[in-house]
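In what follows, a single structure is set out as structure tokens and then discussed.
The values are calculated or read from the model by the stated rules, or taken from the named source; none is laboratory data. Predicted model, so just to flag it, every value in this text is computed and none were measured. Reconstructed Cβ throughout: ideal geometry from the backbone, glycine too, with neighbour counts over all protein chains shown.
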């Protein structure tokens, strides 16, 4: 059985907060004791806030390129400037949306920059936006180490965001950083029940789990920015977002 | 809490089997009593087998077009013929893989035709392949009605498959048919904690659940072609695969 347990009672996270401490306290408040093989899944937003990835749009000066792209996409030029700064390449755009290869390597809309549920230390709340963590694999690793040091339990840690997709409507949770757990699970070499070698070789286990976690974090009106996963069916090991990123030259849809 | 419970003890499904009956028996064998709000998730393979979607490649005569595409992709021309028959359009191809818009409307590799774990009633087992169900929404609906009639519980039913993706490595579980549950959940109009209207408006809840279920069905060497989902966080309602299909003219990645 796979169980996704909501971790409630996490206070609103502010820049500089000790997120590991908040999580440990919330686990206690939820009467959840970490067990070997458990995975903690965190919404990107609380990691980014703790790492102070807030930017005030009034302090952003759009470049020529941002102004041009803003006109084409009917977006705030300052927001476009941040999107371009956070990206390696613009893949597609249309009014309201710029699909980029993020500097972290994945493809997503508007460089994952978030405008909702964001409030800053001064000025107009609508001017504050939130960038993704600088290095989510590293963030996950640091939280994992800290939690292992306190609890003596080596759990996996994953940071997720919601991404749109080619071909299908709606967003799904996907991994943007992970530590102590696999990104991909390779089934090559396994044989099926009739002795054929399996053709579907690699399962994006971290993304499957991210989607499951996202369901439980789901609704906007409930404050569940973290969940505890029990019963993940694959062995935990060192892992990285890198496993999940399809190399550009192997991608038929760039 | 979201729980994904494996339904074990399902016998190997054969053409003509009464799949609803097999599922009801397996639920009993697993001591699982259906509850209101539960969702049954089924691997495509058992639905296709029960519906006798087996084809013997020795009976397939490849067309000119299939022969051409087979040469370009280094695939069995008879398999390519079936892929083309099951598809509306070829989007991309490379050796080993033909990405199509399936006649059911979604984009997937090789029209979802499966060669592993397939055995037919006669001849060389390697000649048998399995097509997707004729109409998975309808298959899900029929199973749902039958199970409701027997148990008096109105559960959701979903049929899933594993699909590759643009941009990211590895396969994830996705919905290919559903009944009595939402495909998309629309969060438009909801406000976040600071009163901003949410920008991420539609969650592909069925696909998130498909990914979760796929994790539990996961390994090839364990026979878990169905799972029971308890604690799905959104209200059940009538639903359809159609909700999840992005119209071609709204898709930047065709």
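Residues in segment B:219-252 that are out of contact with any strand residue (DSSP E or B) (no Cβ under 7 Å at 6 or more places or on another chain), closer than 23 Å to residue B:165 by Cβ and modelled with pLDDT under 95: 7 in all.
Residues in segment B:221-253 that are in contact (Cβ under 8 Å) with a residue 24 or more places away in the chain and either at positive phi or facing another protein chain (nearest Cβ under 8 Å) (or both): B:223, B:231, B:232, B:233, B:234, B:243, B:244, B:245, B:253. For segment B:165-176, the candidate set comprises residues that are part of a loop (DSSP other than H, G, I, E, B) and in contact with a helix residue (DSSP H, G or I) (Cβ under 7 Å, 6 or more places away or on another chain); within that set, the residue that is farthest from the other protein chains (Cβ to nearest Cβ) is B:169.
Remark: residue A:115 falls outside the filter, which requires a residue to be closer than 28 Å to residue A:249 by Cβ and within 17 Å of the chain's Cα centre (by Cα).
Among the residues of this structure, residue A:90 does not count as one that is in contact with a strand residue (DSSP E or B) (Cβ under 7 Å, 6 or more places away or on another chain) and assigned to a helix (DSSP H, G or I).
Of these, A:162, A:154, A:139, which one is touching a strand residue (DSSP E or B) at 6+ places or on another chain (Cβ under 9 Å) and either within 9 Å of chain B (Cβ to nearest Cβ) or in a loop (DSSP other than H, G, I, E, B) (or both)? Write out each step before concluding.
Working: A:154 fails: touching a strand residue (DSSP E or B) at 6+ places or on another chain (Cβ under 9 Å); A:139 fails: either within 9 Å of chain B (Cβ to nearest Cβ) or in a loop (DSSP other than H, G, I, E, B) (or both).
Within the list A:162, A:154, A:139, the selection yields A:162.
Can you name every residue in segment B:93-108 that is part of a strand (DSSP E or B), within 18 Å of residue B:159 (Cβ to Cβ) and in contact with a helix residue (DSSP H, G or I) (Cβ under 9 Å, 6 or more places away or on another chain)? B:102, the sole residue that qualifies. Scanning segment A:112-126 turns up at least one residue that is surrounded by fewer than 21 Cβ atoms within 10 Å (Cβ to Cβ), outside any loop (DSSP other than H, G, I, E, B) and not assigned by TED's automatic domain parsing to the domain that holds residue A:210. Selection of segment B:1-31 for residues being buried (at least 18 other Cβ atoms within 10 Å of the Cβ), touching a strand residue (DSSP E or B) at 6+ places or on another chain (Cβ under 8 Å) and part of a loop (DSSP other than H, G, I, E, B) yields B:7, B:10. Filter segment B:49-67 for residues that are assigned to a helix (DSSP H, G or I) and in contact with a helix residue (DSSP H, G or I) (Cβ under 9 Å, 6 or more places away or on another chain); which is surrounded by the most Cβ atoms within 10 Å (Cβ to Cβ)? Among those residues, the one meeting the criterion is B:49.
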